[in-house]
Amino acid sequence: MIKVNDVLRTDADFENAILFKNRVAVTQYGFTVDYGGMIESFDKEYVKINNRYYQRASYEFRVR
């Protein structure tokens with residue numbers, strides 16, 4: 001079960017966030033880039049939130 005402030009790291013984490021419709025914030029270098037939305041899709045390299053694509057390796061995805 002995903003809890004608030006958990007960082008999404010694995011495919012299973014991202015799948016659970018989609019399944020439970022968790023809002024996810026996107027951060028980079030400690031700064032918030034996107035205050036949150038539901039994950040629309042993801043693959044090994046990118047995560048799509050609010051019609052924007054973020055590289056998994058460059059950003060941190062945290063449950064809000």
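Among PHE20, PHE14, PHE31, which is the only one that is crowded, with 17+ Cβ neighbours inside 10 Å and of a type in the set (A, V, I, L, M, F, W, C)?
Values: PHE20 fails: crowded, with 17+ Cβ neighbours inside 10 Å; PHE31 fails: crowded, with 17+ Cβ neighbours inside 10 Å.
Matching residue, one of PHE20, PHE14, PHE31: PHE14.
The residues in segment 1-30 that are in contact (Cβ under 8 Å) with a residue 40 or more places away in the chain, of a type in the set (Val, Ile, Thr) and either touching a helix residue (DSSP H, G or I) at 6+ places or on another chain (Cβ under 6 Å) or in a strand (DSSP E or B) (or both) can be counted, and the count is 3.
A short reminder: the numbers here are calculations on the coordinates, not readings from a lab. A quick note: this is a predicted structure, and the numbers were derived from the prediction, not measured. We place every Cβ from the backbone using ideal geometry, glycine too, and count neighbours over all the protein chains shown.
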